[in-house]
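This report concerns only the one structure given below.
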Amino acid sequence: MQIILSQHIHQDKLPLLQKHGFNIREKDIRDTILDPDHVDTTSDHPRLIASKEFSTTHILRVVYRKEHDIIKAITIYPAKVGRYY
């Protein structure tokens, strides 16, 4: 399965999050999509939101869309543990 990260993630989110102390790598995003702790299928349908523990205090949330064998990651954001599930 091919995973594509949006320009928004590359150009905006990763630099912004790094500036705020969240050193998120592309591998972290892919791991969150492929092996999530939780997947929200209803909040932003037809988009999916995968969540995975990123640190002891935060989870990484990845909003993505599936089209056949391609997964398009649209945006990412950290959230405090316990905020969403």
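The values are calculated or read from the model by the stated rules, or taken from the named source; none is laboratory data. Given the structure is predicted, the values throughout are model-derived calculations rather than measurements. Neighbour counts are summed over all protein chains in view; Cβ atoms, including those assigned to glycine, are modelled from backbone coordinates with ideal geometry.
The set of residues in the range 15-27 that are farther than 11 Å from Ala73 by Cβ and part of a helix (DSSP H, G or I) comprises Pro15, Leu16, Leu17, Gln18, Lys19, Lys27. Against the criterion of being without any contact (Cβ under 8 Å) to a residue 60 or more places away in the chain, surrounded by 15 or more Cβ atoms within 10 Å (Cβ to Cβ) and not in a loop (DSSP other than H, G, I, E, B), Ile33 qualifies. Number of residues in the range 13-23 that are surrounded by 13 or more Cβ atoms within 10 Å (Cβ to Cβ) and out of contact with any Pro (no Cβ under 8 Å at 6 or more places or on another chain) equals 2. When we screen Ile71, Ile9, Ile76, Ile4 for residues that are surrounded by fewer than 17 Cβ atoms within 10 Å (Cβ to Cβ) and either among the acidic types (Asp, Glu) or in contact (Cβ under 8 Å) with a residue 60 or more places away in the chain (or both), the only hit is Ile4.
Would you confirm, using the coordinates I've provided, whether Ser6 is among the hydroxyl-bearing types (Ser, Thr, Tyr) and modelled with pLDDT of 95 or more? Yes: the conditions hold for Ser6.
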